[in-house]
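For reference, the structure is listed below as structure tokens.
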Amino acid sequence: MAVAHILRQKGAAVLTVGPSDSVQSIVDTLARHRIGAVVVVDAGGAIAGIVSERDVVRAMAGDVAGVAGKTASDIMTARVRTCSPADSEAELMQLMTEHRIRHLPVVAHGKLAGMISIGDVVKLRMELMEAEADQMKTYIASAG
């Protein structure tokens, strides 16, 4: 239940864009909010794709000037990997490593329920390691 824990701490807000939003407006949103990805949702609110910084860079390769005139649907990753609130830390790490992704939209009951980044997973891992170290210290102190 690492995902549920992370969402309780950081909140479930997710910045979304529409398929026809310009790449320029997406880049402005990424920069303004200091985030690495936005979810592309269709008119019904379903996930249509994701646009990450990597997608923008790939679109710029060979055509820097033409990218600003493109839309989210032109550059987005359409096959979006997602996770659920019940997923564990190990499942998140495996999925992110296996598919070389840094952002996972969280889907609960068929709806977008949050976004998990690699930074969130690292922060959780560090919290767990600190808690384990504290427990060991307490155990050792009480055994002495």
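The values are calculated or read from the model by the stated rules, or taken from the named source; none is laboratory data. The shown structure was predicted, so the numbers you read here are calculated from the model rather than taken from an experiment. Neighbour counts run over all protein chains shown; Cβ positions are idealised from the backbone, glycine included. These area figures cover heavy atoms from the full protein model, side chains too; ligands, DNA and RNA do not enter into them. Shrake-Rupley method; radii C 1.70, N 1.55, O 1.52, S 1.80 Å.
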Within the range 99-134, the residues that are among the charged types (D, E, K, R), over 19 Å from Val40 (Cβ atoms) and within 15 Å of the chain's Cα centre (by Cα) are Arg100, Asp120, Lys123
Matching residues in the range 13-45 (farther than 14 Å from Ser73 by Cα and loosely packed, with under 14 Cβ neighbours inside 10 Å) number 8
Check your understanding: Right, Ile118: open to solvent by 40 Å² or more (accessible area, probe 1.4 Å), within 24 Å of Ala13 (Cβ to Cβ) and modelled with pLDDT of 90 or more or not?
Key -> yes
Check: Just wondering, is there one or more residues in the range 83-100 that are modelled with pLDDT of 90 or more, loosely packed, with under 14 Cβ neighbours inside 10 Å and among the acidic types (Asp, Glu)?
Finding: yes
The helices (runs of 4 or more DSSP H) lying entirely within the range 1-114 that contain at least 2 residues which are more than 30 Å from Leu128 (Cβ to Cβ) are 23-33, 53-60, 64-67, 72-75
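Within the range 125-144, count every residue that is basic (Lys, Arg) and either open to solvent by 100 Å² or more (accessible area, probe 1.4 Å) or in contact (Cβ under 8 Å) with a residue 60 or more places away in the chain (or both).
Qualifying residue count for the region: 1.
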Checked the range 46-63 for anything open to solvent by 50 Å² or more (accessible area, probe 1.4 Å), more than 17 Å from the chain's Cα centre (by Cα) and among the hydrophobic types (A, V, I, L, M, F, W, C); matches are Val57, Met60, Ala61
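Residues of the range 68-82 being hydrophobic (A, V, I, L, M, F, W, C) and buried (at least 17 other Cβ atoms within 10 Å of the Cβ), which ones?
Correct list: Ala72, Ile75, Met76, Val80.
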Residue pairs within 7 Å by beta carbon, gap of at least six or interchain, first lying in the range 81-104 and within 14 Å of Val3 (Cα to Cα), second of a type in the set (Gly, Ala, Ser) and assigned to a loop (DSSP other than H, G, I, E, B), listed first then second, are His103/Gly36
Of (1) under 13 Å from the mean Cα position of the chain (by Cα); (2) closer than 17 Å to Val121 by Cβ, Gln94 fails just (1)
